[in-house]
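Visitor: Below is the structure I would like to discuss, written out as structure tokens.
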Amino acid sequence: MTSCRRPEALRKIRPAVSNMAALLVPIDFLAKYENIKALFTAGMLIEHLIVFLEEASQYPYFLWRANYSMARKTFLRDVQAIYATIDPRSQSGKTIASLVVLLQQPQPNESALAEGLTAFGNLFAGPQKSDPRLTQYQQLCAAFVKRVRMEESRARMREQMRHDRTLEEQQAYDTRLFTTEGLGICLLYFLMYYKMLRDCSTLEQKQALVLQQHINMGSGTLPNLKEVFAQDEILDKFIWRILNDDVREALTREYYWCKQIVLNAADYRAIEAGLYDFNYALLSAFIPYGPMNASDYFIAPYGSDTTVEQLLPKFSHAYAPS
């Protein structure tokens, strides 16, 4: 269960993360270029793909589905224009033909698309001085591939763990995961960070906290919020390891909603609202895994000897965004 604040928070960042449509202009001058690299870099195709990859390298399909739906036909048209200039029997021709097939699919296979766009970009790499946009494109492709491979690796790990464990053992594993990694590297950090941000009395103080390189929470120096989301350690070490599909998928979606806001919002009240929603989702997910005393330093500001069950209603009513 989440609050109703997400739509307002997302509307504030929509221009920053959904500007792909503004770049979708026709390419009228393809016939002027004989070199396929020139076709890629002199037109708008590379610009379109960079904007797309900036989202796809950070977020899963459900967050860029709408943008991709708008842009896909433009990608397809421009890639087909390049394909028409080269020998389809060549290796380059086969690589581009494979990408054409991928772009013809309304709902892409993320892994195949990441690999296809990477192979497409590699056609234009060479010893000569590179267009900086090509470098950016290749870096974003690498990040896209890395994100997809990490998610696939965790999926294979979960499948193996299910195969090796009874249902009762799977439930025991999830309980241990929530009470160790989940509590230690996820819930306590986000609860404390949210309290610090909410307690800031001015927008300037909120901005200073969000932009700090490191955060001192009393028990040591911890990474700042943007770095935590950029590294996706919470996903890798906790959320993607949860065996319960419903719980994992719900937390994954909440995590990415919050990440999108934190990494793109200029309004720090939007970040505060996004963190509130994510914390509420975390608290709700933790309750079925037994009573957890959350009264250490990180959570003491919410009240001494507070359990997760006690904190949820208090958090919902007393700690809404300021």
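No lab work stands behind these numbers, since they all come straight from the coordinates. Quantities reported herein were computed from a predicted structural model and do not represent experimental measurements. We place every Cβ from the backbone using ideal geometry, glycine too, and count neighbours over all the protein chains shown.
Visitor: Between GLU169 and TYR61, what FRET efficiency follows from the Cβ-Cβ distance if R0 is 25 Å, with the result rounded to 0.05?
Guide: The value I calculate is 0.20.
Visitor: What is the fewest-to-most order of LYS73, LYS237 by other Cβ atoms lying within 10 Å of their Cβ?
Guide: Going from least to most buried by this count: LYS73, LYS237.
Visitor: I'm a student and want to see the number: the projected area of the Cα convex hull of segment 161-204, averaged over all directions, in nm².
Guide: Directional mean of the projected Cα hull area for segment 161-204 stands at 4.1 nm².
Visitor: Could you calculate, for segment 115-179, the ratio of the Cα radius of gyration to the Kirkwood radius, expressed as Rg to Rh?
Guide: 1.32
Visitor: Also, I was wondering about something else. If you keep only loop residues by DSSP, which GluC sites (Glu not before Pro) in segment 156-259 have at most 12 other Cβ atoms within 10 Å of their Cβ?
Guide: none
Visitor: Right, another one. Under 14 Å from the Cα of LYS146, which aspartates and glutamates turn up, not counting those fewer than eight places away in the same chain?
Guide: GLU54, GLU55, GLU110, GLU115, ASP232, GLU233, ASP236
Visitor: Hey, fewest Cβ within 10 Å first, where do THR202, THR118, THR135 land in order?
Guide: In increasing order of surrounding Cβ atoms, one gets THR202, THR135, THR118.
Visitor: What is the extension gain from ALA84 to ARG176, computed as 0.36 nm multiplied by their sequence separation minus the C-alpha to C-alpha distance, in nm to one decimal?
Guide: Length gained between ALA84 and ARG176: 27.5 nm.
Visitor: Over 29 Å between Cα atoms, which of LYS94/LYS259; LYS73/LYS237; LYS259/LYS314 qualify?
Guide: Checking Cα-Cα distances, LYS94/LYS259; LYS73/LYS237 exceed 29 Å.
Visitor: Kindly give the semi-axes, whole Å and largest first, of the ellipsoid equivalent to segment 169-318, taking each as the square root of 5 times a Cα gyration tensor eigenvalue.
Guide: The answer is 24, 18, 14 Å, longest axis first.
Visitor: At 7 Å along Cα-to-Cβ for each site, give me the label-to-label distance between LYS237 and GLU152 in nm.
Guide: Here the modelled spin labels are 2.6 nm apart.
Visitor: Relative to 2.2 N^0.38 Å, what does the C-alpha radius of gyration of segment 96-148 come to as a ratio? Two decimals please.
Guide: In units of the 2.2 N^0.38 Å rule of thumb, it is 1.18.
Visitor: Starting from the Cα of ALA230, step 7 Å along the direction of its Cβ; do the same at LEU211; then give the gap between the two resulting points in nm.
Guide: 1.5
Visitor: In what sequence do SER90, SER316 fall when counting other Cβ within 10 Å, fewest first?
Guide: SER90, SER316
Visitor: I want to verify the translational diffusion coefficient of segment 64-171 in µm²/s; compute it with Stokes-Einstein, Rh as the Kirkwood radius over Cα pairs, at 37 °C and 0.692 mPa s.
Guide: Estimated diffusion coefficient is 203 µm²/s.
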